[in-house]
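Participant: What follows is a single structure, and I will ask about it in a moment.
The values are calculated or read from the model by the stated rules, or taken from the named source; none is laboratory data. For clarity, every value in this text was computed on a predicted model and none was experimentally measured. Ideal geometry is used to build each Cβ from the backbone, glycine not excepted, and the neighbour counts take in all protein chains shown. All accessible areas refer to the heavy atoms of the entire protein, side chains included, with ligands and DNA or RNA removed. Shrake-Rupley method; radii C 1.70, N 1.55, O 1.52, S 1.80 Å.
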Amino acid sequence: DYVVVKMIPDNRLPPRHLHSVHTGKTFAVIKWESPYDSPDQDMLYAVAVKDLIRKADKIYKVKTRNSTVEYTIKKLEPGGKYHVIVQLGNMSKESSMKINTVPLSAPDALKIITENDHILLFWKSLALKESNFNESRGYEIHMFDSLMNITAYLGNTTENFFKVSNLKIGHNYSFSVQARCLYGGQMCGEPATLLYDELGTGEDSSASKTGRSTDVAAIVVPVLFLLLVTLGIGFVVLYMRHRRLQNSFTAFANSHYSSRLGSAIFSSGDDLGDEDDEAPMITGFSDDVPMVIA
């Protein structure tokens, strides 16, 4: 035996399983389920978005009969913090969550150039890859002294370079450049960080690397030059020997060339170098001739 029971829908219940599906720089995709399964009519939801940094509120309305609802919140700011509340339009119980949008990217190609009494920081414009960044917002620069364990704010600029002076010899510094923070330093971009190794001579790591590479080049270049000269001389000697051997063989072949036969004639080699061809052959000795041994 069985019995079918149909529950009366309660519109005072909150939406279920509210969560974030995907968060970008200027949008967030959220998802939730209806207060009860299989709604038999359209349900009106109120989505309230509270900006925790700007202290501003926005309310959006979503009308649907689906049990599972997916909604995209747009026009958010990079690096922002928001409190999202979802409830039925009749101001029933609510479901809430917090989301943080993705901050602006770090500037690319941060480099250090060493001058006599200061250094210059250079980087690429963030507007080249971030459509939401305006150069008028500018950048801010921070410095960390590892020896003193102190982080200092150096200032901000709307340019793509920054001058840093009064660095102490023997200290190691880390510089970071990021999109300028807004609203009391709460909405910032990702920092690009670069280490400046201040040696006892006042050179940074990039300068020392350049010096080392210059020293290596000063050694390697002469060695390579000497090797090339040696190889060139060797090739010349081999070429001259080859030419001399070729000329000797040509002269030798010409001296044995027979115009009558049309070819060169060489001996078997047994009589080569025999200087006594004209000497008379000794046939033997007679028995009656006394042999005298000196």
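Participant: For Leu245 paired with Asp51, estimate the spin-label separation in nm (one decimal), with each label point 7 Å from Cα along the Cα-to-Cβ line.
Facilitator: Reported label-point gap for Leu245 and Asp51 is 8.8 nm.
Participant: Let me know the volume per residue of the alpha-carbon convex hull for region 1-158, in Å³.
Facilitator: 190 Å³
Participant: In whole Hz and in residue order, list the ³J(HN,Hα) couplings for region 220-226 that follow from phi through the Karplus curve 6.51 cos²θ - 1.76 cosθ + 1.60, θ = phi - 60°; x for Gly and Pro.
Facilitator: 6, 4, x, 4, 4, 5, 4
Participant: In addition: Once you compute Rg and the Kirkwood Rh from C-alpha atoms, what is the Rg to Rh ratio for region 16-100?
Facilitator: Answer for region 16-100: 0.97.
Participant: Placing unit charges on C-beta atoms (Lys and Arg positive, Asp and Glu negative, everything else neutral), compute the dipole magnitude of region 108-197 about its Cα centre in debye, rounded to 20.
Facilitator: 100 debye
Participant: Then there is this: By how many nm would the segment from His142 to Phe225 grow when fully extended, if each residue of separation counts as 0.36 nm and the alpha-carbon distance is taken off?
Facilitator: 25.2 nm
Participant: Ok, one more. Roughly speaking, to the nearest percent, how much of region 16-100's 1.4 Å accessible area is carbon and sulfur?
Facilitator: Carbon and sulfur atoms account for 46 percent of the accessible area of region 16-100.
Participant: Please give every one of the lysines within straight-line cross-link reach of Lys124, meaning a C-alpha to C-alpha distance under 29 Å, and leave out same-chain neighbours fewer than 8 residues apart.
Facilitator: Counting by Cα, and skipping residues close in sequence, Lys124 has these lysines nearby: Lys25, Lys74, Lys75, Lys81, Lys111, Lys163, Lys168, Lys209.
Participant: Which listed residue (Val86, Gly155, His118) has the Cα farthest towards the positive end of the charge dipole for region 18-166, taking +1 on Lys and Arg C-beta and -1 on Asp and Glu C-beta about the Cα centre?
Facilitator: Working it through, the farthest residue towards the positive pole turns out to be Val86.
Participant: Right, next: Taking just the alpha carbons, could you work out the radius of gyration and Dmax for region 108-197, both in angstroms?
Facilitator: So, for region 108-197, Rg and Dmax equal 13.2, 41 Å respectively.
Participant: Turning to a different aspect of this structure: Work out from phi, with θ = phi - 60° and the Karplus expression 6.51 cos²θ - 1.76 cosθ + 1.60, the ³J(HN,Hα) of each residue of region 150-165, listed in order in whole Hz, and give x for Gly and Pro.
Facilitator: Coupling constants for region 150-165: 10, 10, 10, 8, 8, x, 9, 7, 9, 8, 9, 8, 8, 9, 10, 10 Hz.
Participant: Now a separate question. For region 138-145, what does the Karplus curve 6.51 cos²θ - 1.76 cosθ + 1.60, with θ = phi - 60°, yield as ³J(HN,Hα) per residue in whole Hz, taken in order and with x for Gly and Pro?
Facilitator: Going residue by residue, I get x, 10, 10, 10, 10, 9, 10, 9 Hz, with x marking Gly and Pro.
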